[in-house]
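The values are calculated or read from the model by the stated rules, or taken from the named source; none is laboratory data. Just so you know, these numbers come straight off a predicted model, no measurement behind them. Quick reminder, even Gly has a Cβ in these numbers, built from the backbone with ideal geometry, and neighbours come from all protein chains shown.
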Amino acid sequence: MAKHLFRSLALVSAVALVPAATAAFSAGDSSIREFDEFMTVFNRVRSEYVEQVDDKTLIRGAIDGMLASLDPHSSYMDERGYRSLMTTTEGNYAGLGLNVTLEDGAVKIITPTEDSPGAKAGIKAGDYITHVNGKFIVGGTLDEAVDMMRGPPGTSVKLTIVRPGADKPLDITVTRAVIELPAVKWEVKNGVGIINVNTFSRETTEETLSAIASIERSLGHAPIGYVLDLRGNPGGLLDQAVGLSDVFLERGEIVSQRGRNKADIERYYARPGDNTHGLPVVVLVDAGTASAAEIVAGALQDHHRGLVMGERSFGKGSVQSLIVLPGNTAMRLTTARYFTPSGRSVQEGGIAPDIEVPQLSDPDLKDRRNLRESDLRRHLVNEAKVDDAILMDDGKPDPRFTATADELKKKGIDDFQLHYALQTITRLAPTRQAAGAPARAGGKR
């Protein structure tokens, strides 16, 4: 199960609060035999296990195992986990800022959150955590590892990291912190508005609209274009993915979600008005761009509203509903798949960029293999076959790009993908102006 340290909404494309319902077995239902078998095991464990175990522990363990047998994103949450999940939808939480999963018993980093303690300490996507404060954690559960890394803000934890390509393990000390990560950050470079969306919390759409207004105020006029940076964005709330897409779109479908039955289709559409007035947009994605972030990238790509640039995204095309259970617990259950406006499912394959641009400023690029949805055990299989060539990721830079990280650093380029996106916007802007850029359209709130 992929999760964020301290149980954030990592890799969740939709969260809908749904009350729990019960259903009785019908007469002759074959499930009765399996339920009888379960009760037999339950009673034997209850009466004969070497130590006495209370019923609550056994039942919760059974629920946890049931959901864990499904897909990587369905899970059971106890009271503490449910409270933490609700807290992170507000955009702040206590932790290290690492999106992690369990792979062959080892804790693997999917991506560190931007500006988090983990990212600042130098932890990277693809790293494995083998020890916490000197204690070996391989073979344990993800919850146990998370609990060991939890602690009061300001205290430190030592992580032993195994990094593919490194000669020996790395000991990295990280100081825990309360992470108050804004959903959206903005800046202006070379007349281009850069909007960095870190997560899809409850305020993402409003903060994006505020960022656009701030960019225009700082310049005194509209920018020549926008870079929408979705790199390392693990996803979040579905309504915010729809809202962010709507900011850039004039009309049309944004996303559809489809459940088990063919009739269970729900579609979401943009309202009239483009808040960016039709200006050129480059959408930056990478292997850490997941779920709700992929909805946005796919919508803008299908409507030809933005040029998607970077690396193939994570490939999480499923929707999770949060079903509240008695006792302040909950389960996160995969209930649907989502599809881009053209009918594409990004499950497994992700969003392929229009222009592939490797992050050449990363010195570990050649040795690091990114983790994606297709690497997770029990991941949902795409209903349409995904080309195996799409799923391959050998980590080799595109032959068009030959600069090394050291060479770029000497030129003052510490983020090659962003640098390339800014150059692209600069080249696109005169073309748009010559062709007659559309008049400033009315915005929408």
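Tallying residues that are among the small types (Gly, Ala, Ser) and either under 17 Å from the mean Cα position of the chain (by Cα) or not assigned by TED's automatic domain parsing to the domain that holds GLY278 (or both) within segment 181-212 yields 2.
Which members of segment 249-278 meet the condition of being of a type in the set (Val, Ile, Thr) and either at positive phi or in a loop (DSSP other than H, G, I, E, B) (or both)? Within segment 249-278, just THR276 meets the criteria. If the condition is being farther than 18 Å from GLY317 by Cα, touching a helix residue (DSSP H, G or I) at 6+ places or on another chain (Cβ under 9 Å), assigned to a helix (DSSP H, G or I) and hydroxyl-bearing (Ser, Thr, Tyr), then segment 193-248 contributes THR204, THR205, THR208. Among the hydrophobic types (A, V, I, L, M, F, W, C), part of a loop (DSSP other than H, G, I, E, B), within 18 Å of the chain's Cα centre (by Cα) and at pLDDT below 95: does that describe ALA290? For ALA290, the condition - among the hydrophobic types (A, V, I, L, M, F, W, C), part of a loop (DSSP other than H, G, I, E, B), within 18 Å of the chain's Cα centre (by Cα) and at pLDDT below 95 - is met. Here is the figure for segment 160-180: residues that are closer than 18 Å to TYR128 by Cα, outside any loop (DSSP other than H, G, I, E, B) and of a type outside the set (A, V, I, L, M, F, W, C) total 3.
Scanning segment 44-77 for residues that are touching a residue at least 40 places away in the same chain (Cβ under 8 Å) and exposed (fewer than 10 other Cβ atoms within 10 Å of the Cβ) yields a single hit, SER69.
What are the residue pairs meeting all of these: first residue in segment 128-140, first residue closer than 19 Å to THR111 by Cβ, second residue charged (D, E, K, R) and part of a loop (DSSP other than H, G, I, E, B), Cβ atoms under 9 Å, and 6 or more apart or on different chains? The qualifying pairs are TYR128/ARG163.
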